[in-house]
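Here's a structure for you.
Only the coordinates and a few stated rules stand behind these numbers; no lab work does. All of these numbers come straight from a predicted model, not from anything done at the bench. Counting neighbours? That spans all protein chains shown, and the Cβs are built from the backbone with ideal geometry, glycine included.
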2 protein chains.
Amino acid sequence: MPVTTMLDLPLVLLSNRGPVSFDRGTSGRTVIRGAGGLVSALSGLAEHLDDAVWVCGAATEEDTVVASEAEGGSILVQTSPSPHVVVGEPDGPAIRVRLVITDPGAYADFYSVWSNPILWFVQHGLYGRALSPVITQAEHDAFENGYAAVNQVYAEAVADEVHARGGKALVLLQDYHFYLVAERVRELCPDVVLTHFVHIPWPSPDEWRVLPTGIRERLLRGLMGSDVVGFHTRRYARNFVLCAQELLGLDVDLDNLEITIGNRTVRARYYPISVDTAALEATLTTEEVAAHVAILRYAFLDGDRQLVLRVDRTDPSKNVVRGFLAFGTLLDQHPELVGKVSFLALMQPSRTDVPEYADYIALIGAVVAEINARHTKDGQQPIDLRMAEDFALAVAAYSICDVIMVNALADGMNLVTKEVAVVNRRGGVLTLSENAGAHEELGEYAVTLHPFDVQQMADALYEALTMPVEERYRRLAAAAEQVRTHDLSRWLGEQMDDLTRLSGLF
Amino acid sequence: MPVTTMLDLPLVLLSNRGPVSFDRGTSGRTVIRGAGGLVSALSGLAEHLDDAVWVCGAATEEDTVVASEAEGGSILVQTSPSPHVVVGEPDGPAIRVRLVITDPGAYADFYSVWSNPILWFVQHGLYGRALSPVITQAEHDAFENGYAAVNQVYAEAVADEVHARGGKALVLLQDYHFYLVAERVRELCPDVVLTHFVHIPWPSPDEWRVLPTGIRERLLRGLMGSDVVGFHTRRYARNFVLCAQELLGLDVDLDNLEITIGNRTVRARYYPISVDTAALEATLTTEEVAAHVAILRYAFLDGDRQLVLRVDRTDPSKNVVRGFLAFGTLLDQHPELVGKVSFLALMQPSRTDVPEYADYIALIGAVVAEINARHTKDGQQPIDLRMAEDFALAVAAYSICDVIMVNALADGMNLVTKEVAVVNRRGGVLTLSENAGAHEELGEYAVTLHPFDVQQMADALYEALTMPVEERYRRLAAAAEQVRTHDLSRWLGEQMDDLTRLSGLF
């Protein structure tokens, strides 16, 4: 990995969920590796550096036991061939991890009141402002005793690790759980080089005005402790700079996306996150995927039939309901497609303890039933809705779909689009929301969806399904090339390159 | 009026509702003068100019008869002493009016689908985007055959009046009903000097993304036909320039709020609208108001009791529900105020044919009942909710309230605040939303409300109710001075001054 030699500084990472977690079974303690692209990318970085530590939350009961045994310090976990806690020297790649224990009540306020849903809702524009949010003393208390308190604990853990390395380190903070950490770490360790990466959308100042003045200002000032605040797209980075100007009254340079605070410069930058293309291609060749492909072909693709696919969490931001309404409109307006086109929706139920999410699942079911009742032909239902999480099944479906639908209201990046671009083998057409981060990169190869406009989405699906085959393959190849040449390691590499370039300026 | 001599150009005004309307009773045709500050201000302007015409919609059956008799031309209406249509020369102030007839179906789509609620909802940030809006073919058709078609008819009427004046005129277009008019008028009459004034908030680009791409671009391009686009506040003007940059890709100068389109410059300017202070003071001295004052004093102000007031339409943007929740929280947390403080709410039912508005009224009733049930003491209900429109009653209440609550989620200006500042005689405290346009001007004299934060609003009410008397009178006097020196004629005068200054540049 070319990124490992940058800056010549020790590395301190922070994210809410870490690279490993612990469980206790009948045969003793086991190590579970974290899932997802971000963990893979950052693990790769941490494994290859001489001196790196990953600060994260103790997520399981056994994590808490491990953290207690370490007495607040870090442990070394060898990640392969078989993951285990190392005593002495590892004989394979290893990651140093510091598991942070926080008060369960404070963590609940931090995670289940503020991070999700409040910050998530604000940043994805999900509040119907006529009636929500209603900020009461309970929310103020949850901010103070939850979000702020937990951020404080994590900031001290990060600072502790920086101090253990002589006070100089590269600090990489991740996501919306930790907006107050950078400022505090900088107070405690003025010599750090600090990047905070935000993985979800950053909306305009008006959207942030939904939060109490004092709280939104603290969140923004917290981030100003960074040298670089990273986003997926230029639009988010620009919105962040506009927030600094309009909500904090700071001097900004909108063209260069820079903010002046005191004698420091905070830079907003954008690095579109991506997928691990090699890992994806490897998954595609597994027997499990092949078996799924055979079954899916039989179910959806005999003769000249076509398949529309979506793979999403059941989050209102994903815009599942309007997506089905658009498909229903397509069948209404093009009856020749009834019986010819199926819509497979692989949905992962999400945050079902939040009322808005539970209601949203019910509405999805209602809309699907209505459309299936209207358009079932020869016993064939047009929509196959599956509530399940199965990555092998998803990859199989990616590889053979004719159209992938990504119509999010707002989406930091949306990796499904990039995954399909890499593994689809059928000239699959990307239909992609203008409000998904991926649209800045892949919009020119996609059919753009307007997420609030059901008629436009129906028209776009029709365009995709009837696109000449050569054009389909041409666009898919171009999108795949874009993703392959801008994969996950490049996402990290560009950040490291920028930090190296900028580090003379800090 | 100093504004009448500017520019030496004939004047063509456009607004949806005009300065006069016609009715037919048993004694024949009658003339009804339009209500409201805007009509007064622009009528004053039109009456004093040698050559002015006001284009507006035929609103009543009799308007349509009058318009038909005029065969598409204009009529001259003497406005005092007794309003009547003039044949020959008027012997008093008169306004030339052109009543425009449009197809009723097109008008319904223009007014009841697009202007209200869609544009109103977008510009006040009222959509809960998870589920609304859902733009279908019906909304696209209503835009094309309603909003765009009606705008075209009005643009042609305006252009017709400009051509009748030799092709050169000052054209003043009003509000969100006519975003497509300026561009068309400029095509037809390249030599006009054209201002479009937007009376409601202008939100950030992200909020406009709720509308279909093609439609939002057409609305913005429509406005680009103006020389000046006027708003109430700097924030709205800035958002407009950001929209031109982000949504249309035009070159802009954010510091000077200017947009370059082709070889023209479009200037965003802000002129905070105000009230007619003399008319208000006159109303305050009427017997009707005095009678109301006596009754209100008896009902709400015996002994050391205090009165909180709000006067609003029942529009979700006014944030009535959270306002009552905040008052309930105040009484929960300060039981010593129960029985000492009343909340009089004078509400005008509004747009009750729109489901969201009808539901909102029901919710207001529910919240009031709940709080009154919880806090009624000695037979005294804390909240007196009156669904009625009575300007004399409102002015009476303005004059004697201890606190006026204006907690709108979003509000172009909010004139209630300014009216209270002028007529209150009790050291009334302005509690004012940071999202009301009036906050840019009067925020320093007010107690700021954060409209989503019920606890903060409860605290703000407490601060207002317990503010030392001298401080109350000091702030009120300063606010009143600000309004008196920035009244309605100044609003219009500054626009005229700017146009005179800029006209060399057009």
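In nanometres, what is the gap between the two model label sites at B:GLU258 and A:TYR298, each 7 Å from Cα along Cα-to-Cβ?
About 7.1 nm separates the two model spin labels.
Using a 7 Å offset from Cα along the direction of the beta-carbon, what are the separations from A:PRO90 to the same position in each other copy, nm, ascending?
Result, one decimal in nm: 8.7.
Starting from the Kirkwood radius over alpha-carbon pairs of segment B:9-100, derive D by Stokes-Einstein at 20 °C in a medium of 1.002 mPa s and give it in µm² s⁻¹. If you can, show how the numbers build up before the last one.
Values: Rh = 13.1 Å.
Rounded to a whole number, D works out at 164 µm²/s.
Still on this structure: Express in nm, to one decimal, how much length is gained between A:THR500 and A:GLU481 on full extension, taking 0.36 nm for each residue of separation and deducting their alpha carbon distance. Could you put the intermediate results ahead of the total?
Working: separation 19, 0.36 × 19 = 6.84 nm, distance 2.73 nm.
Value of the extension gain: 4.1 nm.
Can you grab the distance from the C-alpha centre of segment B:269-303 to the C-alpha centre of segment B:432-476, Å, no decimals?
Each part reduced to its Cα centre gives a spacing of 20 Å.
Between chain A and chain B, with a rotation axis joining them, whose C-beta in A is nearest that axis, and what is the whole-Å distance?
Here the value is A:GLY128, 1.
Work out the count of Lys pairs in chain A where the Cα-Cα distance is under 28 Å, with the pair 8 or more places apart or on different chains. Don't jump to the answer; show the numbers that get you there.
Details: A:LYS318/A:LYS340; A:LYS318/A:LYS418; A:LYS340/A:LYS377; A:LYS340/A:LYS418.
Total qualifying Lys-Lys pairs in chain A comes to 4.
How many angstrom lie between the C-alpha centres of segment A:51-109 and segment B:21-51?
78
Once amide H atoms are built 1.01 Å from N in the peptide plane, which residues 5 or more positions from A:GLN306, or in another chain, come under 5 Å H to H?
For A:GLN306, whose amide H was placed from the backbone, the distant partners under 5 Å are A:VAL341, A:SER342.
How far is the Cα center of segment B:479-498 from the Cα center of segment B:148-223, in Å?
The two parts, judged by their Cα centres, are 25 Å apart.
Could I have the simple spin-label model distance between B:ASP51 and A:GLU370, label points 7 Å from Cα toward Cβ, reported in nm to one decimal?
5.7
Enter the mean number of other protein chain beta carbons within 10 Å of the beta carbon of each residue in B:452-464, as an integer. The partial results should precede the final answer.
Details: counts 11, 13, 6, 9, 7, 1, 2, 1, 0, 0, 0, 0, 0.
Taking the mean over all residues of the peptide, I get 4.
Let me ask something else about it. Label position 7 Å from Cα toward Cβ: report the copy-to-copy distances for B:GLY365 in nm, one decimal, ordered from shortest.
B:GLY365 label point versus its equivalents elsewhere: 3.3 nm.
Can you figure out the FRET efficiency of A:GLU61 with A:LEU248, using R₀ = 35 Å and their beta-carbon distance, to the nearest 0.05? Walk me through the numbers before you get to the answer.
Working: r = 41 Å, r/R0 = 1.18.
The formula returns an efficiency of 0.25 here.
Hey, for B:LEU254 with labels 7 Å out along Cα-Cβ, what do the inter-copy distances come to in nm, ordered shortest first?
Label-point separations across copies, in nm and ascending: 0.4.
In the neighborhood of B:PHE391, defined by Cβ-to-Cβ distances under 12 Å, what is the net charge if each Lys or Arg adds +1 and each Asp or Glu adds -1?
For residues surrounding B:PHE391, the net value is -4.
In whole Hz, with x marking every Gly and Pro, tabulate ³J(HN,Hα) for segment A:311-317 from phi via Karplus 6.51 cos²θ - 1.76 cosθ + 1.60, θ = phi - 60°.
9, 8, 6, 7, 9, x, 5
Sticking with this structure for a sec: Based solely on its DSSP helices, what 222 nm [θ] is calculated for chain B when runs of n ≥ 4 H residues each add -39,500 (n - 2.57) and the sum is averaged over all residues, nearest 500 deg cm²/dmol? Show your work: numbers first, answer last.
Details: 20 runs with 216 residues, N = 506.
About -13000 deg cm²/dmol.
Also, quick follow-up: Once you sort the root eigenvalues of the Cα gyration tensor of segment A:408-506 as a ≥ b ≥ c, which label holds: rounded (a/c under 1.5), prolate (a/b larger than b/c) or oblate (the other case)? Kindly include the intermediate steps, with their values, before the conclusion.
Working: a/c = 3.42, a/b = 1.77, b/c = 1.93.
Here segment A:408-506 falls in the oblate category.
Using modelled backbone amide H atoms (1.01 Å from N, in-plane), which distant-in-sequence or interchain residues come within less than 5 Å of B:VAL100's amide H?
Amide H neighbours of B:VAL100, under 5 Å, 5+ apart: B:CYS56, B:GLY57, B:ALA58.
Assuming R0 = 30 Å, can you tell me the calculated FRET efficiency for the pair B:ASN145 and A:HIS140, based on Cβ-Cβ distance, to the nearest 0.05? Could you put the intermediate results ahead of the total?
Values: r = 49 Å, r/R0 = 1.65.
Computed FRET efficiency for B:ASN145 and A:HIS140: 0.05.
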